[in-house]
1. Could you check the range 152-183 and list, in sequence order, the residues that are modelled with pLDDT under 95 and under 15 Å from the mean Cα position of the chain (by Cα)?
2. Tell me which residues, restricted to the range 92-102, are free of Cβ contacts under 8 Å to residues at least 40 places away in the same chain and either closer than 13 Å to I64 by Cβ or among the charged types (D, E, K, R) (or both).
3. Quick one: in the range 186-224, of everything that is touching a residue at least 40 places away in the same chain (Cβ under 8 Å) and part of a loop (DSSP other than H, G, I, E, B), which residue is farthest from T240 (Cα to Cα)?
4. Are any of the residues in the range 65-78 among the charged types (D, E, K, R) and at positive phi?
5. Is there a residue in the range 47-66 that is among the polar types (S, T, N, Q) and closer than 24 Å to P197 by Cβ?
6. As an exercise: evaluate R22 against (1) part of a loop (DSSP other than H, G, I, E, B); (2) at pLDDT below 95; (3) within 21 Å of F160 (Cβ to Cβ) and give the number of the one condition it does not meet.
7. Which numbered condition trips up A91, out of (1) at pLDDT below 95; (2) part of a helix (DSSP H, G or I)?
8. Could you check the range 225-235 and list, in sequence order, the residues that are in contact (Cβ under 8 Å) with a residue 60 or more places away in the chain and not in a loop (DSSP other than H, G, I, E, B)?
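The values are calculated or read from the model by the stated rules, or taken from the named source; none is laboratory data. Bear in mind the structure is a predicted one, so any value in this text is a computation, not a measurement. Virtual Cβ from ideal backbone geometry, glycine too; neighbours counted across all protein chains shown.
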Amino acid sequence: MNEKISYEHLKKTGETVDDILRGRLKILQKEKGYRFSLDSILLAHFIRLKRNNRVVDLGTGSGIIAMILTYRFDLQGVIAVDVQAELVDMARRSIRLNGLESRIDIQQGDVRDVRNFLDPQSFDMAVFNPPYRKLDSGRINPDGERAVARHEIMGSIADFLSSAKYLLKDTGGVFLIYPARRSAELIYQMRLNSIEPKQIRMVHSDSSSRAEFILAEGVKRGGEELTVMPPLFIYHEKGTYSQEMEEIFREISYPAATVDL
């Protein structure tokens, strides 16, 4: 049964409740603190799944990707993992708010230690939007939740891919988003973990800018063949959203997502 949340409760906890998928789903977030950003929306739109896929969402944060995928593809038995207790609690409440508690299981745990609480080769797909800033790459955000979500404090891309390799069946798939400037490291780590890159798409702020993100799909023990998709541009030159981004927002319906470019 969907949980009801009062305005007084939200004010007390410093949280907001936001609509996604044109109001068909609602998500709890901190008013001041970690909030999901545009990269989560881009990844959720990029992912392709089948209804019977068993999916693990590593580093789920607010649970946004797990909820969108469950709704879009009518999934059952999604496992979503995050190390931060407060985010796990909030994600669980979002799941209850949407009546999805029988379909999504939010588990608190370190992505680096999945061998201690999840079975090997038990998933068809792994999805993640991992921390992407190295510990020595600038000032770490003083907000703890944001720091862990954005900096490699509790796991690097190598850790996420190693865990995906352990969790996925052979020919299981990986979907992820990562900074374009670290594409070489990403592809190296994918192949090091027997996850063959199969499809990539570069995301640019606009047609005159360098790529900011790379969306990638890989297959565990897949054959060597890579498709490079046409680039995705966030904005027109005049600063308005591109037609494709408008279409993505209409589908995902969260135009207020934080743009972290």
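1. Correct list: G155, S156.
2. Quick first cut of the range 92-102, residues free of Cβ contacts under 8 Å to residues at least 40 places away in the same chain only: 92, 95, 100-102.
Answer for the range 92-102, where residues must be free of Cβ contacts under 8 Å to residues at least 40 places away in the same chain and either closer than 13 Å to I64 by Cβ or among the charged types (D, E, K, R) (or both): R92, I95, L100, E101.
3. Residues of the range 186-224 touching a residue at least 40 places away in the same chain (Cβ under 8 Å): 201, 203, 205, 212-213, 215-222.
Next cut, part of a loop (DSSP other than H, G, I, E, B) only: 205, 221-222.
Values: S205: 11, R221: 41, G222: 39 Å.
Here the residue is R221.
4. yes
5. Taking the range 47-66 as the starting set, the residues that turn out to be among the polar types (S, T, N, Q) are 52-53, 60, 62.
Next, from what is left, pick out any that are closer than 24 Å to P197 by Cβ: 53, 60.
Yes: the range 47-66 contains one or more residues that are among the polar types (S, T, N, Q) and closer than 24 Å to P197 by Cβ.
6. (3)
7. Failing condition for A91: (1).
8. In the first step, residues of the range 225-235 are kept if they are in contact (Cβ under 8 Å) with a residue 60 or more places away in the chain; the result is 232, 234.
Residue satisfying the conditions is L232 alone.
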